[in-house]
Amino acid sequence: MQACQSLKRQADRDKCLESAIKAVSPKPAAEAPVAPLPTAKEAAQARIAKALEASRAVQSVANSGTSFLQYQSYIPPFAIALDQFKAVAQLPEEKDAAMLLADALDAYTDAATYWQLDNRFYSYENNRIGFPDAQPAALAGTVDIVLRYKVPLQRADMFGFQKGAPLSTALSTIWEYAQDKTNAAQDAINKIGKPTEAARAQPDATPQQIAAAKRLATSENDNPWQMIVTSGFVGGTYSAPSYSAPRLSNSVAGVKVSAYGYRDGWARVSPKGQTEQWIPINQLSNVE
């Protein structure tokens, strides 16, 4: 500054002072780079990550040859992670993924139930002797589960009066179903931003209508299940409002029926395309 004052011309002094001030002034800090916002797909992937991880953890322990108690302990963390994901799910694809993961959770839970019933059934020595190759579904109380997941059945006793599945066959079938649902949930998230098949096929259908159609879909049996109606069934009408078809109106206790389809605890005992008739699964027994 003193050097600037020694200059004779005012213009030179002013220019010198301006340069000196600039030299000692702090330089403005460089602006920090702004991170790009996540895409809708990336945000959804972050929200569902823990639920997918928990589901795959159940599958992993199932594939490792675990014990019943260890396997069962992996289900509650998955249920918690799924509830947390449901609470933050925003996009339609996320809600579809949540429904698929709920199906996977149901399957893992049903596998635990089947396993527990199998342990209970074979805790009796006579059952171990009489049914060494397969758990008889009707006697063990697992008809609903084997129908729901289309578990391959075989002769459970030497005379062929009862049919059922070995524990390993039932569990592997149910676990495969759960894994497929988990993979489908991941696929639903991966399709965010892309037009769905349902939307292309039904351009005028609302998301709610498409979701309702998925929920009402009936699982068709490749080969009809041969069942016997228990004595407790007397016919009547549906109590659930989501069904429009009547169930069998006459008493058919003890009669053999063919189960052509399954939906939410009900078996359709009429061929596809004919007038629908349904019976509650818990009113059927003695798989043959």
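The values are calculated or read from the model by the stated rules, or taken from the named source; none is laboratory data. None of these values were measured; they are calculated from a predicted model. A quick note on method: Cβ atoms are made from the backbone with ideal geometry, for glycine too, and the neighbour counts reach across all protein chains shown.
Structure values in brief
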{"quantity": "Boolean, Ala138 is more than 15 Å from Tyr177 (Cβ to Cβ) and out of contact with any strand residue (DSSP E or B) (no Cβ under 9 Å at 6 or more places or on another chain)", "calculated": "no"}
{"quantity": "Every residue from the range 244-272 that is assigned to a loop (DSSP other than H, G, I, E, B), at pLDDT below 75 and not β-branched (Val, Ile, Thr)", "calculated": "Ser244, Ala245, Pro246, Leu248, Ser249, Asn250, Ser251, Ala253, Gly254, Asp264, Gly265"}
{"quantity": "Single condition Ala185 does not satisfy, out of (1) buried (at least 21 other Cβ atoms within 10 Å of the Cβ); (2) free of Cβ contacts under 8 Å to residues at least 60 places away in the same chain; (3) within 25 Å of Leu52 (Cα to Cα)", "calculated": "(2)"}
{"quantity": "Entirely in the range 34-135, the helices (runs of 4 or more DSSP H) that have 3 or more residues that are surrounded by fewer than 20 Cβ atoms within 10 Å (Cβ to Cβ), touching a residue at least 40 places away in the same chain (Cβ under 8 Å) and among the aromatic types (Phe, Trp, Tyr)", "calculated": "none"}
